[in-house]
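Values in this text are rule-based calculations from the coordinates and carry no lab data. Just so you know, these numbers come straight off a predicted model, no measurement behind them. Using ideal geometry, Cβ is built from the backbone for each residue, glycine included, and neighbour counts are taken over all protein chains shown.
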Amino acid sequence: MGMLINIDNGGTLTDICVINGNDFYKTKTLTTPYDLSKCFFDFS
């Protein structure tokens, strides 16, 4: 099984969920509307 990444951009917070085999990670981070990738890379 591969890695599954789910990102839900909201107005204030962005939800990030990562499933990799039996490992499961989730977090919330501040949304960065000027660069939506920044909030993901701040998480990792």
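Three principal axis extents describe the C-alpha atoms of the range 3-43; from largest down they are 33, 14, 12 Å. Close amide-amide hydrogen proximity is noted between Thr32 and Cys39, each under 5 Å apart and 5 or more residues distant or on a separate chain (H modeled in the peptide plane; Pro and chain starts excluded). Loop-located chymotrypsin sites (Phe, Trp or Tyr not before Pro) across the chain with a Cβ neighbour count of 15 or fewer within 10 Å are Tyr34, with loop assigned by DSSP. Our estimate of slack between Ile5 and Asp35, defined as 0.36 nm per intervening residue step minus the Cα-Cα distance, is 9.0 nm.
Remark: the range 22-29, residue by residue, has Karplus-estimated 3J(HN,Hα) of 8, 8, 9, 10, 8, 7, 10, 9 Hz, where x stands for each Gly or Pro and the curve is 6.51 cos²θ - 1.76 cosθ + 1.60 at θ = phi - 60°. For the range 10-18, backbone phi angles converted through the Karplus equation (6.51, -1.76, 1.60; θ = phi - 60°) give residue-by-residue couplings of x, x, 10, 10, 10, 8, 10, 10, 10 Hz, Gly and Pro being listed as x.
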